[in-house]
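Please treat every number below as a calculation from the coordinates, not as lab data. Predicted model only: the values in this text are computed from it and were never measured. Cβ atoms come from the backbone with ideal geometry, glycine included; neighbour counts cover every protein chain shown.
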Amino acid sequence: MSRTTTLRTSIVGITALAVIGGLAVSASASGAAPASASGSDAARKVPRESSLTGSAKMYRADGQQVRFSFDAHGFAPAEPDEPDAPAGTSRGTFRFSHYTADGKQGAYAEGRIDCLLTGGPVATATGIITSSDLPPGAIGKRVGFTVYDGKGDGKKDRVGYSWAVSGFDGPEVPKCLSAAPYETVESGDFKVVHVLPPNPSGNSESNSEPNSGSEQPQTAGKPGDQE
């Protein structure tokens with residue numbers, strides 16, 4: 001079996017587990033009567049799915065205004081490339097903008113999320129641009145984002161994006177892929193909620209890890225002075 005086939009099979013399997021897990025959670029929730037009002041409140045606070053939310057302005061030494069906003073939920077590609085793969089539940093919206101310090105030059109783009117994957121405090125999402133004042137050709141283009149949620153007030157959060165190295169006119173971005181999060185946040189806050197799909201190995205683990213990451217990435221200076 002080729003490496004490509006193996007990787008695709010792994011993604012299909014993960015998606016299937018996520019879908020089955022979601023159905024199991026829903027069935028369990030609908031079949032259990034609440035023991036008390038406080039029990040119901042506690043149940044509502046347990047996240048049912050992964051998410052990436054929030055808005056922030058990036059730090060730029062020269063005052064450039066770079067902002068990202070996300071409202072993404074679910075897991076795995078909503079429209080998988082493999083014909084027999086189960087559809088994921090990813091959905092939501094994104095927006096980003098980049099303007100000069102005086103706000104006179106720049107552009108924005110916004111669109112719909114087509115894939116969200118999470119792992120602990122890190123989320124990777126991709127989406128299709130649906131509205132923008134970028135040059136012709138931007139609408140319909142897929143872009144990717146990766147966010148590290150440093151917890152707290154957002155000052156330790158990081159963001160990466162698919163055009164960081166190759167530029168915005170680079171190769172087509174596959175679903176669920178982006179660059180490592182390296183840009184620092186000046187103001188704002190991102191929240192990553194990671195809900196684990198069922199573990200087929202049987203190892204004991206919590207089914208959700210909302211805002212549980214404590215380790216911080218090691219940086220060797222001030223990233224974020226370039227896009």
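Spin-label model, ARG91 to ASP71: label points 7 Å out along the Cα-to-beta-carbon direction sit 1.3 nm apart. FRET efficiency for the pair LYS104 and ILE139, taken as 1/(1 + (r/R0)^6) with r the Cβ-Cβ distance and R0 = 25 Å, rounds to 0.60. Given their separation in residues at 0.36 nm each and the Cα-Cα distance between them, ASP84 and THR130 gain 13.8 nm when the chain is fully extended. Along segment 66-75 the Karplus relation, 6.51 cos²θ - 1.76 cosθ + 1.60 evaluated at θ = phi - 60°, assigns HN-Hα couplings of 10, 10, 10, 9, 9, 9, 10, 9, x, 7 Hz to successive residues, with x for each Gly and Pro.
Applying 1/(1 + (r/R0)^6) with R0 = 30 Å to the Cβ-Cβ distance of LYS57 and ARG112, what FRET efficiency is obtained, to the nearest 0.05? After rounding, the FRET efficiency stands at 0.85. Karplus-based coupling profile of segment 154-168, in residue order and whole Hz: x, 5, 9, 5, 9, 9, x, 8, 5, 9, 4, 10, 7, x, 5, with θ = phi - 60° in 6.51 cos²θ - 1.76 cosθ + 1.60 and x standing for Gly or Pro. Rounded to whole numbers, the Karplus 3J(HN,Hα) couplings from phi for segment 81-92 are 6, 6, x, 9, 7, x, 6, x, 10, 4, 6, x Hz, using 6.51 cos²θ - 1.76 cosθ + 1.60 with θ = phi - 60°, and x at Gly and Pro.
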